[in-house]
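Before any comments, here is the structure.
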Amino acid sequence: MTSSAPRRTVLAAALAVAAGAATPLAMAADTSRGAAGGTGAPPENTTPGASVRRSKSYVDYHAWTTATDWSRGTGKGTAVVDGPRPGVCIARPVGTVDYQDPHTHKTTTWEYATWTSPVHRLKPPATEAVASWNAHAPAGTWIAVELRGTYSDGGRTPWYVMGRWAAGDGDIRRTSVDDQKDGRSSISTDTLAVDDPASGLRLVSYQLRLTLHRKPGSGLTPTVWRLGAMGSDVPDRFEVPASEPGVGAGCELAVPRYSQEIHKGQYPEYDNGGEAWCSPTSSQMIIEYWGRAPTPEDLAWVNPDYADPQVCHAARFTYDYQYEGCGNWPFNAAYAATYRGLQGVVTRLNSLSEAEALVHAGIPLITSQSFVKGELDGAGYGTPGHIMTVIGFTGNGDVIANDPNSPTNEAVRHVYKRRQFENIWLRTKRYDEKGQVTSGTGGVCYLYFPVKSAPSQHRVLRELGIL
């Protein structure tokens, strides 16, 4: 596929859809919103033994998550933490570094340690790569994630910064890094893309590197539980093959409904306020579906006159200060994973049938799509980039989506025609409102799921290459 549109262009379009430091996010207790929430259990009308209907895969997602995985990497000053959720942490810092925050312009000294993954060989070789991670980073700590790829001609990329991330915003401002390129590939917010895929150049492998930071002498440490990346080589296509309804037909999950539009004008310092909050609003719906929520202490900073303060909270703690928006894909996945026992990944799916298999197992998904008005009946708008959640399928296979670009919470549930939805989500090329060719998202989605998932959920996630 040709190089995708800059992520700032695609994700800032969430705004076009609708034309004092607080304590960093705590690890929230498991809570439920009663009838509005869900248990994450597979729907009663499903068949537990159903398998994923796989089409040709253009995607390779790989992650390091187990004690064995972490021990195979190269640590400098890090240690492997065993237990129910293995990870890496700082054991003995290897030095200090002065980091000047580009957004606060404040320079602070940090102790650090590093962990570098083994080389992962991509199947298939990729034109794009997106890293994502799950970590606990208490106040006084943060992490940097880097990726270095090997090209099909044997050359290598530099170590690209894929994100500098903190759970809160009291120490550093979480940020992507612009203007990273080597003349053959470049970083656009959270995505590494080969500049000229038509040349045949591909990424054949990559390594990831973590740098864990803490305040000197504090004894604190971030702990990273999951580190992975999605490589993909989705072909140029204006249309994708039509799929037939499958195991998801007739399944609908009890996902809470939240509108971004009722937050219009609130906290404009975070991506111009709620009308641009499609990504964190969608993330919050799925987090609460799994029975997690911010504590009252977490939400104490939000104006008590605002409805659904947890949506404001999600916007603040997914905000990317360089991109100046809440739509950074890995930052949303990392936010979800700050809640106890949840994991979050960014990947692509190959078909709507794979989405059906997830819903059938009780796992909703968050999708990214772009379309002009009239391409998605019932939406009533067009957008160069918008995030919504897929929560089910009607009996004839149409998509049931919680679309946050709705005037009220009650209006969030939509039914979209199967053929229209799968095409606007999975295509990589499209015509914009001016008739010019631009890019599509190629099946990007966020998946949030528990560490201890049901056997049917575990099986589907494994069949999709997530576990």
### Query
Quick check, is residue 276 under 17 Å from the mean Cα position of the chain (by Cα) and of a type in the set (A, V, I, L, M, F, W, C)?
yes
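Each row is one residue, and each column tells you yes or no for (1) within 19 Å of residue 279 (Cβ to Cβ); (2) of a type in the set (Ser, Thr, Tyr); (3) part of a loop (DSSP other than H, G, I, E, B); (4) within 21 Å of the chain's Cα centre (by Cα).
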{"position": "415", "(1), (2), (3), (4)": "no, no, no, no"}
{"position": "419", "(1), (2), (3), (4)": "no, no, no, no"}
{"position": "425", "(1), (2), (3), (4)": "yes, no, no, yes"}
{"position": "433", "(1), (2), (3), (4)": "no, no, yes, no"}
{"position": "448", "(1), (2), (3), (4)": "yes, yes, no, yes"}
{"position": "452", "(1), (2), (3), (4)": "no, no, yes, yes"}
{"position": "456", "(1), (2), (3), (4)": "no, yes, no, no"}
{"position": "460", "(1), (2), (3), (4)": "no, no, no, yes"}
{"position": "466", "(1), (2), (3), (4)": "no, no, yes, yes"}
## Note on the structure
Scanning the stretch 404-421 for residues that are out of contact with any strand residue (DSSP E or B) (no Cβ under 8 Å at 6 or more places or on another chain) and either within 16 Å of residue 246 (Cα to Cα) or outside the structural domain of residue 249 (by TED's automatic domain parsing) (or both) gives 419
### The one condition in (1) assigned to a loop (DSSP other than H, G, I, E, B); (2) more than 30 Å from residue 395 (Cβ to Cβ) that residue 313 fails to fulfil
(1)
### Query
Does any residue of the stretch 439-453 turn out to be surrounded by 23 or more Cβ atoms within 10 Å (Cβ to Cβ), more than 26 Å from residue 130 (Cβ to Cβ), in contact with a strand residue (DSSP E or B) (Cβ under 8 Å, 6 or more places away or on another chain) and at pLDDT 95 or above?
no
### Task
Please enumerate the residues belonging to the stretch 225-265 that are of a type in the set (Asp, Glu) and more than 30 Å from residue 198 (Cα to Cα).
244, 252, 261
#### Entry: Test result for residue 97, modelled with pLDDT of 95 or more, more than 30 Å from residue 294 (Cα to Cα), of a type in the set (Val, Ile, Thr) and touching a Phe, Trp or Tyr at 6+ places or on another chain (Cβ under 6 Å)
yes
### Task
Among the candidates 390, 415, single out the residue that is of a type in the set (Val, Ile, Thr), modelled with pLDDT of 95 or more and surrounded by fewer than 18 Cβ atoms within 10 Å (Cβ to Cβ).
415
### Query
Quick one: which of 253, 203 is in contact with a strand residue (DSSP E or B) (Cβ under 7 Å, 6 or more places away or on another chain) and either surrounded by fewer than 19 Cβ atoms within 10 Å (Cβ to Cβ) or not assigned by TED's automatic domain parsing to the domain that holds residue 441 (or both)?
203
### Query
strands (runs of 3 or more DSSP E) wholly in the stretch 171-267 with at least 3 residues that are closer than 30 Å to residue 362 by Cβ - which ones?
223-232
### Message
So residue 101 ticks every box in (1) touching a Ser or Thr at 6+ places or on another chain (Cβ under 8 Å); (2) closer than 19 Å to residue 64 by Cα but one. Which box is left unticked?
### Response
(2)
### Query
Hey, among the residues in the stretch 227-250 that are buried (at least 23 other Cβ atoms within 10 Å of the Cβ) and touching a Gly at 6+ places or on another chain (Cβ under 8 Å), which one's farthest from residue 443 (Cα to Cα)?
248
#### Entry: Filtered residues of the stretch 90-135 (kept if of a type outside the set (Ser, Thr, Tyr), surrounded by fewer than 19 Cβ atoms within 10 Å (Cβ to Cβ) and in a loop (DSSP other than H, G, I, E, B))
91, 92, 94, 101, 102, 103, 105, 106, 118, 119
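The values are calculated or read from the model by the stated rules, or taken from the named source; none is laboratory data. The structure displayed is predicted, hence computed values, not measured ones. Cβ: placed from backbone, ideal geometry, glycine included. Neighbour counts: every protein chain shown.
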